[in-house]
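Q: Just passing along the structure, written as structure tokens.
Derivation of every value follows stated rules applied to the coordinates shown; laboratory data play no part. Given the structure is predicted, the values throughout are model-derived calculations rather than measurements. In this analysis, Cβ positions are derived from the backbone assuming ideal geometry, glycine residues included, and neighbour counts consider all displayed protein chains.
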Amino acid sequence: MLNLLLFPGRAKFQAEKISKSIGGKPVWLIELQAEPWGPVDNKFLSPEEAAKSMDISKLRKNIKFVAEAGFDTIIVWGIEHALLQKDRGHPELWDELKRITTNK
């Protein structure tokens, strides 16, 4: 996976290759990161600590990368974190995920 992340063109090639190998069927990406990783459980991360591994800019970059790589369906991992942050008064990730998924 690291090679694919370092070489975006290679990721597109791999998505196309996988699709061809299964008869041209759609290729899904499961568990695209939308949740931070930190030294403690996510519910205890400060917004500053969470932003080290996930923020709107990183989320947009991840989505753009996999969309350009040719994946037909992208399933996001970490939506519950975005909802928790929204409930705590930080709706930015939630709003961005909502915007992305509704194409608005």
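Q: Would any residue of the stretch 59-96 have its amide N under 18 Å from a label point 7 Å out along Cα→Cβ of LYS43? List them or say none.
A: Residues 78-90 fall inside that zone.
Q: 7 Å from Cα along Cα→Cβ at both ARG99 and TRP28: what's the point-to-point distance in nm?
A: 2.7 nm
Q: Right, another one. Just list whichever of LYS43/LYS98; LYS61/LYS86; LYS58/LYS98; LYS43/LYS86 have alpha carbons separated by over 18 Å in the model shown.
A: Working: LYS43/LYS98 21 Å; LYS61/LYS86 21 Å; LYS58/LYS98 16 Å; LYS43/LYS86 12 Å.
Check vs 18 Å cut-off fails for LYS43/LYS98; LYS61/LYS86.
Q: Further question on the same structure: Counting other beta carbons within 10 Å of each residue's own, what order do ILE63, ILE22, ILE79 fall into, fewest first? Could the numbers behind the result be given before it?
A: Values: ILE63 18, ILE22 9, ILE79 15.
If I rank by nearby Cβ atoms, fewest first, I get ILE22, ILE79, ILE63.
Q: What FRET efficiency would be calculated for the residue pair SER19, ILE75, taking the C-beta separation as r and a Förster radius of 25 Å, to the nearest 0.05? Let's see the in-between values first.
A: Values: r = 17 Å, r/R0 = 0.67.
Result of the calculation: an efficiency of 0.90.
Q: Here is a further query. Averaged over every viewing direction, what's the projected area of the C-alpha convex hull for the stretch 45-104? Give it in nm², one decimal, please.
A: Values: hull surface 17.1 nm².
For the Cα atoms of the stretch 45-104, the hull's average projected area reads 4.3 nm².
Q: With a 10 Å Cβ neighbour count serving as the proxy for reagent exposure, in which order, fewest first, do ASP55, ASP41, ASP72 appear? Working shown, then result.
A: On the way: ASP55 16, ASP41 7, ASP72 12.
The order, fewest Cβ neighbours first, is ASP41, ASP72, ASP55.
Q: Would you work out the Kirkwood radius for the chain? I mean one over the mean of 1/r across all pairs of different Cα atoms, in Å.
A: Working: mean 1/r = 0.0678 Å⁻¹.
Every distinct Cα pair counted, the radius reaches 14.8 Å.
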